[in-house]
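Peer 1: The structure is given below, and queries will be raised subsequently.
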Amino acid sequence: MVLDDLGTSLRSSLDKLQGKTRLDEDDVEEIVKEIQRSLLSADVDVSLVMELSDSIETRALEEEPPGGTTARDHVLKIVYEEMVALVGDSTALPLEPQTILLAGLQGSGKTTSAAKMAWWFSTKGLRPAVIQTDTFRPGAYDQAKQMCERAEVDFYGDPDADDPVEIAREGMEATADADVRIVDTAGRHALEDDLIAEIEEIERAVDPDRSLLVLDAAIGQGAKDQARQFEASIGIDGVMITKLDGTAKGGGALTAVNETGSSIAFLGSGETVQDIERFEPSGFISRLLG
Ligand code: GDP
């Protein structure tokens, strides 16, 4: 089983099953309670936690463990399968020419993530470029430019221009040599109408193959409104969760995944361009349950 990193109280509940071949209701209830506790403290939405608990409970009590399987392994397998269903598979990202549009609120980590993604694609042998259209946040241009230099990837931006849509259009032309274009957009502190109008226009100008929502791991239930709005305006195909090097476990992002019918693409775990990894369910599940 890939769950090697379980929290101590869940592990001790599971360890109590050592030597047992059948599960009774009390065993299942105790394990489900531990899982609920971990997931709720990791910011997973209550209704998602309840659905998951019901599925685990039903399966653990109804399904016969296959011959030779201990009660502990049986329930662990069910927990893992149901958790995989909850967090989903990684967003498909073919290693081919494409345009990716990034959306998210200010401070979520979009600019940093744009450079990180570009770096990631460069390690796969593609030629990426970042197009910086954020004219709203002072410093966004310099930050993006410096990070792209560090990542050794192409960069387009125009510190003197003030029309993000025009920058996006020109950026697409200026980066014609690139395989993968990552278009960074301005965030705001909240979901204001002009933010939505602007990103819709940029979306029309760059015609992205996929749009990714960048979310801070600490987002909690605030993810719901954002996800809904961006889904309605540009359509969200995947999520990048940033700042997983902090204490937040990123369970709130699952609300966004659920709300947009998408999946998680990348995880960010630091401030440098290399601090990015492709989402992979088992590590994330261990983290949520840990
Ligand atoms: P934007 O406003 O969405 O473009 O956000 P930025 O890319 O400017 O990021 C906001 C802050 O979060 C900056 O100080 C970044 O260095 C920091 N940041 C972004 N991603 C991560 C991450 O994965 N881990 C940590 N620790 N900091 C991050």
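Peer 1: Here is the link list: Lys124/Lys145; Lys33/Lys110; Lys20/Lys249; Lys77/Lys124; Lys77/Lys110. Which ones come out longer than 29 Å on Cα distance?
Peer 2: Lys33/Lys110; Lys20/Lys249; Lys77/Lys124; Lys77/Lys110
Peer 1: So, one more: Suppose every K and R has +1 on its Cβ and every D and E has -1 on its Cβ; what is the size of the dipole of segment 189-290 about the Cα centre, in Debye to the nearest 20? All intermediate terms of the calculation are to be shown ahead of the outcome.
Peer 2: Working: 8 positive and 19 negative charges, 132 e Å.
Once rounded to the nearest 20, the dipole reads 640 debye.
Peer 1: Now for a separate question. If the only charges are +1 at each Lys and Arg Cβ and -1 at each Asp and Glu Cβ, what is the size of the charge dipole of the chain around the Cα centre, to the nearest 20 debye? Walk me through the numbers on the way to the answer.
Peer 2: Details: 27 positive and 57 negative charges, 176 e Å.
Charge dipole, the chain, about its Cα centre: 840 debye, nearest 20.
Peer 1: Under 10 Å from the Cβ of Leu126, count the other residues' Cβ atoms, weight Lys and Arg +1, Asp and Glu -1, and hand me the total.
Peer 2: Local charge sum for Leu126: 0.
Peer 1: Moving on to the next point. If I ignore ligands, DNA and RNA and count only protein heavy atoms, how much of Ser90 is accessible to a 1.4 Å probe, in Å² to the nearest 10?
Peer 2: Surface accessible to solvent at Ser90 totals approximately 40 Å².
Peer 1: To continue, here is another question. Could you tell me what percent of the accessible area of the chain is made up of carbon and sulfur, with a 1.4 Å probe and every protein chain present? Intermediate results must be reported in sequence, preceding the final value.
Peer 2: Values: 5510 of 12660 Å².
C and S atoms contribute 44 percent here.
Peer 1: Let me ask something additional. Would you mind telling me the antiparallel percentage of the DSSP bridges in the chain, rounded to 5?
Peer 2: Antiparallel: roughly 10 percent of the beta bridges in the chain.
Peer 1: Just reorder Thr133, Thr112 by solvent-accessible area, largest first, 1.4 Å probe, all chains present. Write down the numbers at each step before the final one.
Peer 2: Numbers: Thr133 0, Thr112 30 Å².
If we order Thr133, Thr112 from most to least accessible, we get Thr112, Thr133.
Peer 1: Defining a contact as two alpha carbons under 8 Å apart and six or more residues distant in sequence, what relative contact order in percent does segment 173-290 show?
Peer 2: 21 percent
Peer 1: I would also like to ask the following. Can you say what percent of the DSSP beta bridges in segment 202-277, counting only those with both residues inside, are antiparallel? Round to 5.
Peer 2: On the way: 2 of 10 bridges.
Here the share of antiparallel DSSP bridges comes out near 20 percent.
Peer 1: Measuring with a 1.4 Å probe in the full set of protein chains, what accessible area per residue, in whole Å², belongs to the chain?
Peer 2: Per residue, the chain has an accessible area of 44 Å².
Peer 1: Check each of the trypsin sites (Lys or Arg not before Pro) in segment 150-219 and keep only those in coil by DSSP with at most 13 other C-beta atoms within 10 angstrom; list them in order.
Peer 2: none
Peer 1: Using only the alpha carbons of the chain, what is the convex hull's orientation-averaged projected area in square nanometres? Kindly include the intermediate steps, with their values, before the conclusion.
Peer 2: Values: hull surface 60.9 nm².
Mean projected area for the chain: 15.2 nm², to one decimal.
Peer 1: What is the ratio of the Cα radius of gyration of segment 76-150 to 2.2 N^0.38 Å, where N is its residue count, to two decimals?
Peer 2: Normalised Rg, Cα atoms only: 1.44.
The values are calculated or read from the model by the stated rules, or taken from the named source; none is laboratory data. It should be emphasised that the depicted structure is a prediction, and the values quoted were computed from it without experimental measurement. Because the Cβ atoms are built from the backbone with ideal geometry, glycine has one as well, and the counts that use them run over all protein chains shown. Accessible surface is based on the protein model in full, side chains and every heavy atom, while ligands, DNA and RNA are left aside. Shrake-Rupley method; radii C 1.70, N 1.55, O 1.52, S 1.80 Å.
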